[in-house]
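Written below as structure tokens is the structure these notes are about.
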Amino acid sequence: MKKILIVDDAVFMRKALRMILEQNGFEVVGEAGNGVEAIRMFGALSPDIVTMDITMPIMNGIDATKAIIESDPSARIVMISALGQEAYIKDAIISGATNFILKPFKGDTVVRTLNAV
């Protein structure tokens, strides 16, 4: 069972992801609302995969991804971007993200992407 850390500033998005993941055999080990929390929780929880929103307060997902990859180059991070933020996808991949999912997403897309990571 893959352990997942969900990072998104929108509570409803974290709940939606948690429901999809838990219904499909993933273990959600934590949730963070910004990049600073994500870095701290990554170190404490050692998840197999991080789902990372791009646009968040305090620290965005690109900067958090860079910091996590710097501390653990083998970290697997899947960026989640809203339609209209496609320009950030290139930055996300350059920063070390393994893959990306566009919002709004379908449950099967999330499951398929995380299983492939």
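The values are calculated or read from the model by the stated rules, or taken from the named source; none is laboratory data. What you see is a predicted model; the values in this text were computed from it and never measured. FYI the Cβ positions are ideal-geometry reconstructions off the backbone, even for glycines, and counts take in every protein chain you see.
Between Gly35, Gly61, which is modelled with pLDDT under 95 and of a type outside the set (A, V, I, L, M, F, W, C)?
Only one candidate passes the filter, namely Gly61.
So that you can scan it fast, the table gives a plain yes or no per residue for (1) β-branched (Val, Ile, Thr); (2) more than 21 Å from Phe26 (Cα to Cα):
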| residue | (1), (2) |
| --- | --- |
| Leu45 | no, no |
| Pro57 | no, yes |
| Arg76 | no, no |
| Lys90 | no, yes |
| Ile93 | yes, yes |
| Thr98 | yes, no |
| Lys103 | no, no |
| Val110 | yes, no |
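Out of the residues in the range 28-78 that are more than 14 Å from Ile6 (Cα to Cα) and acidic (Asp, Glu), which is surrounded by the most Cβ atoms within 10 Å (Cβ to Cβ)?
Checked the range 28-78; the qualifying residue surrounded by the most Cβ atoms within 10 Å (Cβ to Cβ) is Asp63.
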